[in-house]
Each structure stands twice: as structure tokens, then as C-alpha cells.
Amino acid sequence: MAYFAYGSNLDDAQMRERCADARVLGRATLPNYALVFGGFSHRWGGAVASVVRARGACVEGLLYELGNVDLRALD
């Protein structure tokens, strides 16, 4: 399954730890969405990235190919 990564999931080491079999397909953009920081992670004590619809905006990221095991590892 294709997975659009943004925020902290752009960190290669973090993605390899979470999804060892993930394969990078390349850079990607998510048109008409904006990156926002809402919510709070008690695990690491900081904001959590998310995307929201925003006409004319664009989120930069990476496209990965994930298997079912890797997909379940993501939150």
C-alpha cells in the first residue's frame, strides 16, 4: 500500500525503526492540504503534526510502499 509520510515520519531512522520493510518510492506532494501542529504527545513531550484541508496549500512529503505489518506499526 502507498503511504504519504510527513512530519516526523520524514526522519529515515524513525521510519526504519517503525517500518523496517518500507520502501521509499520518492518525493511527493499533497495538494490542497496544510501541515499543522495540533495535539500533544506525552511520549516525547511535543506537538503532533497532522494535515488538514486547505485550498491552495501543499504539503511536501515522501511516498513509501508499505506492507500490512508496517502499516499496523504506524499510529
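The values are calculated or read from the model by the stated rules, or taken from the named source; none is laboratory data. What you see is a predicted model, and the numbers here were worked out from it, not measured in a lab. A quick note on method: Cβ atoms are made from the backbone with ideal geometry, for glycine too, and the neighbour counts reach across all protein chains shown.
Return the only residue of Phe40, Phe4 being surrounded by 11 or more Cβ atoms within 10 Å (Cβ to Cβ), assigned to a strand (DSSP E or B) and modelled with pLDDT under 90.
Phe40
Which numbered condition in (1) surrounded by 12 or more Cβ atoms within 10 Å (Cβ to Cβ); (2) free of Cβ contacts under 8 Å to residues at least 24 places away in the same chain is the only one that Arg55 fails?
Answer for Arg55: the failing condition is (1).
Checking the structure you have, find out if any residue of segment 20-35 is assigned to a helix (DSSP H, G or I), on the phi < 0 side of the Ramachandran plot and either surrounded by fewer than 12 Cβ atoms within 10 Å (Cβ to Cβ) or β-branched (Val, Ile, Thr) (or both).
Among the residues of segment 20-35, not one is assigned to a helix (DSSP H, G or I), on the phi < 0 side of the Ramachandran plot and either surrounded by fewer than 12 Cβ atoms within 10 Å (Cβ to Cβ) or β-branched (Val, Ile, Thr) (or both), which makes the answer no.
Among the residues of segment 43-61, what is the count of those that are of a type in the set (D, E, K, R) and assigned to a loop (DSSP other than H, G, I, E, B)?
1
Mind listing just one residue for me: the one in segment 21-75 that is touching a strand residue (DSSP E or B) at 6+ places or on another chain (Cβ under 7 Å) and of a type in the set (Asp, Glu) and, of those, nearest to Gly7 (Cα to Cα)?
Glu60
Select from segment 19-37 the residues that are over 14 Å from the mean Cα position of the chain (by Cα) and modelled with pLDDT under 95 and list them in ascending order.
Correct list: Ala20, Asp21.
Quick check, is Tyr64 in contact (Cβ under 8 Å) with a residue 60 or more places away in the chain, surrounded by 13 or more Cβ atoms within 10 Å (Cβ to Cβ) and not in a helix (DSSP H, G or I)? Don't jump to the end; show me each part of the working.
Values: in contact (Cβ under 8 Å) with a residue 60 or more places away in the chain: yes; surrounded by 13 or more Cβ atoms within 10 Å (Cβ to Cβ): yes; not in a helix (DSSP H, G or I): yes.
When the stated conditions are applied, Tyr64 passes them.
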